[in-house]
1. Would you check if there is a residue in region 313-334 being in a loop (DSSP other than H, G, I, E, B) and under 14 Å from Phe404 (Cβ atoms)?
2. Out of the residues in region 448-457 that are out of contact with any Phe, Trp or Tyr (no Cβ under 6 Å at 6 or more places or on another chain) and closer than 18 Å to Ile485 by Cβ, state the one that is surrounded by the most Cβ atoms within 10 Å (Cβ to Cβ).
3. Kindly indicate the residue of region 50-64 that is open to solvent by 10 Å² or more (accessible area, probe 1.4 Å) and of a type outside the set (Ser, Thr, Tyr) and also nearest to the chain's Cα centre (by Cα) among those meeting that condition.
4. Would a scan of region 285-308 turn up a residue that is closer than 29 Å to Ala412 by Cβ and surrounded by fewer than 20 Cβ atoms within 10 Å (Cβ to Cβ)?
5. Any chance you could count how many residues in region 227-264 are open to solvent by less than 30 Å² (accessible area, probe 1.4 Å), of a type outside the set (A, V, I, L, M, F, W, C), farther than 25 Å from Tyr328 by Cβ and within 25 Å of the chain's Cα centre (by Cα)?
6. Tell me whether region 284-291 contains one or more residues that are assigned to a loop (DSSP other than H, G, I, E, B), farther than 21 Å from Phe404 by Cβ, touching a Ser or Thr at 6+ places or on another chain (Cβ under 9 Å) and not hydroxyl-bearing (Ser, Thr, Tyr).
7. Where in region 413-489 are the strands (runs of 3 or more DSSP E), entirely inside, with at least 2 residues that are polar (S, T, N, Q)?
Amino acid sequence: MKRSILWTSLFLIMATVTRGQVTQINNNNSLQVIAPLSNKYTILYSLIDSSIWSTDGTLAGTIQLSGTIKFEGDFGLLGVKLVFRGSTSTEGSELFSTDGTSAGTKLVKDIYSGTTGSDPSTLVPFGGMLYFTAVTAATGRELWRTDGTTSGTTLVKDIVPGAAGSNTADSFNLFSNGTYLLFAAQSAGAGIELWKSDGTASGTTLLKDINTGNSGADSSNPRYFYTLNSIVLFYATDATHGEELWKTDGTSSGTVLVKDINPGTGNSSSYPYFGFQIPVITGFHTFANAAYFEAFDGTSNGELWKTDGTSGNTVLVKDIVTGIGPSYIGTLNAVNYPSKFIFPVSDGTSRSELWQSDGTAAGTTLFQSFSPATPGQIPIVFLPISTNFSGGTYNQVLFGGSKFFFAAGTSASGYELYISDGTLGGTSMVKDINPGAADGIDIANNISYVYTSAYFFFAANDGTHGNELWKTDGTSANTSMVQDINLNAGDGRPELPFFLCNNAIIFGANDGNSATLTDLFVVNGAFFALPVTLVDFTATLKG
């Protein structure tokens with residue numbers, strides 16, 4: 001009799017958490033995935049109270065790690081530990097770490113003793129350590145580093161001696177190219193300029209005073225750092241050229257203006273529009289040893305440019321959206337093929353397009369045009385990437401070796417899921433998930449996806465079951481809803497991280513038992529990231 005009761009109870013428990021192809025592993029704590037550790041744990045935090053959690057992908061293994069430590073945002077990985085900015089009522093905002101267990105979740109160091117908090121910001125991996133900025137009463141905000149231990153968490157250099165810091169929390173733009181650190185800081189006799197560090201006090205120096213002078217108005221404010229081959233590209237301002245493209249090889253003499261794209265004191269990083277400066281530069285994309293980006297040359301408003309780091313080869317590729325007014329050239333959402341890359345384009349009013357480029361003007365052409373019900377809505381490219389959290393890098397890897405998914409709209413079908421192999425003939429709608437003109441992909445409210453080696457998981461709405469978790473292998477026949485989490489027409493609104501959590505798909509969704517709180521689910525089974533395929537290489541005999 002006892003055994004019968006036990007098995008009945010176990011069945012009822014499992015019935016509440018297992019739902020076909022997904023299993024609920026936490027209820028109504030609105031948990032958000034932060035990052036997987038290199039062992040079995042994935043770290044999360046709650047949107048309700050910022051409490052920090054861990055999961056091994058099971059109901060029993062999903063636990064709150066601390067009743068006092070709150071997650072505050074910035075984080076980095078050191079081996080099997082996640083180091084993050086957190087807070088308690090006694091230490092304030094400080095550096096904490098977790099190995100995924102309650103016992104291993106603790107304060108790294110009370111840098112600013114007392115409840116004030118050092119407010120650590122922007123944790124960047126470099127040389128087996130994490131570098132960040134933090135505040136103390138004695139030094140102000142300066143550059144620090146940590147190996148995850150109390151004794152190994154130290155000030156790198158007090159650049160501005162005394163209580164005044166060398167910059168504000170969000171303006172250091174701390175960056176590593178793997179060989180050295182770059183950041184923006186102010187020192188005596190100079191504004192906010194380009195600094196370099198090898199991680200030591202003596203090796204932390206002003207690299208170049210680009211905008212000479214010692215007031216805030218004389219700052220170059222370097223930002224948008226990006227590694228291209230052996231150099232680092234960035235944007236900086238000087239009195240002669242405005243904010244333009246620069247480069248550095250890590251030496252003062254090798255830190256130079258690449259090109260005055262917008263001649264004179266005007267900026268190429270933004271353009272004037274009815275009295276406002278509209279940002280143009282959003283970042284860089286590498287293809288065939290050149291970096292592609294948007295820039296304003298005084299005539300074309302944010303068009304496709306490329307550079308190899310030399311002035312002569314920094315050129316306008318094509319003025320894709322002509323005339324005055326906003327344009328969107330989606331270099332950050334570009335997908336590479338051996339002979340070209342594909343990227344989205346819009347003018348915000350009438351055009352919704354995918355373009356392709358081989359880096360030449362003649363080879364930069366319209367790939368496919370779409371006609372969404374709301375004119376000017378841009379196609380959304382779901383970048384196929386494989387993430388390395390410990391190294392802070394990611395690789396672009398095509399699905400099935402040759403394909404990627406994107407969402408695009410037409411007046412007849414609405415926004416739906418498409419697949420492409422990089423050719424027009426191999427580009428098609430996967431399935432009209434929400435038949436007719438209604439959207440199957442909710443681009444305004446829930447763009448959520450993750451690639452695996454066998455399937456693409458994404459959020460979609462078929463018009464009957466609400467916004468739920470779907471999967472596809474790229475064929476219409478094998479495109480289906482994984483689970484109706486919020487039954488019938490309710491919206492589950494799955495929130496998928498774009499990466500796998502230790503071979504698991506862990507995501508948040510609403511099962512309908514609360515209007516505002518979300519639950520945590522795992523897709524049943526083991527999954528694998530997109531495999532990195534070596535398609536070409538050059539070998540050189542050495543010795």
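The values are calculated or read from the model by the stated rules, or taken from the named source; none is laboratory data. Predicted model, so just to flag it, every value in this text is computed and none were measured. Cβ placement follows ideal geometry from the backbone for every residue including glycine, while neighbour counts extend to all protein chains displayed. When the accessible area is computed, the model is the full protein with side chains, heavy atoms only, and any ligands, DNA or RNA have been set aside. Shrake-Rupley method; radii C 1.70, N 1.55, O 1.52, S 1.80 Å.
1. Of region 313-334, the ones in a loop (DSSP other than H, G, I, E, B) are 313-314, 319-327, 330, 334.
Still in the list and also under 14 Å from Phe404 (Cβ atoms): 330, 334.
Yes, because at least one residue in region 313-334 is in a loop (DSSP other than H, G, I, E, B) and under 14 Å from Phe404 (Cβ atoms).
2. Among residues in region 448-457 that are out of contact with any Phe, Trp or Tyr (no Cβ under 6 Å at 6 or more places or on another chain) and closer than 18 Å to Ile485 by Cβ, the one surrounded by the most Cβ atoms within 10 Å (Cβ to Cβ) is Ser448.
3. At the first step, the residues of region 50-64 found to be open to solvent by 10 Å² or more (accessible area, probe 1.4 Å) are 50, 53, 56-64.
Going one step further and asking which of them are of a type outside the set (Ser, Thr, Tyr), we end up with 53, 56-57, 59-61, 63-64.
Working: Trp53: 22, Asp56: 24, Gly57: 23, Leu59: 29, Ala60: 31, Gly61: 28, Ile63: 26, Gln64: 26 Å.
Looking at residues that are open to solvent by 10 Å² or more (accessible area, probe 1.4 Å) and of a type outside the set (Ser, Thr, Tyr), I get Trp53.
4. Let us first name the residues in region 285-308 that are closer than 29 Å to Ala412 by Cβ, namely none.
No: zero hits.
5. Qualifying residue count for the region: 1.
6. So in region 284-291, the residues assigned to a loop (DSSP other than H, G, I, E, B) come out as 284, 288-289.
Add one more test, that the residue is farther than 21 Å from Phe404 by Cβ, and what stays is 289.
Keeping just the survivors that are touching a Ser or Thr at 6+ places or on another chain (Cβ under 9 Å) gives none.
No.
7. Output list reads 467-472, 480-483.
So that you can scan it fast, the table gives a plain yes or no per residue for (1) surrounded by 20 or more Cβ atoms within 10 Å (Cβ to Cβ); (2) of a type in the set (D, E, K, R); (3) touching a Gly at 6+ places or on another chain (Cβ under 6 Å):
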residue	(1), (2), (3)
Ile443	no, no, no
Ala459	yes, no, no
Ala477	no, no, no
Ala489	no, no, yes
Arg493	yes, yes, no
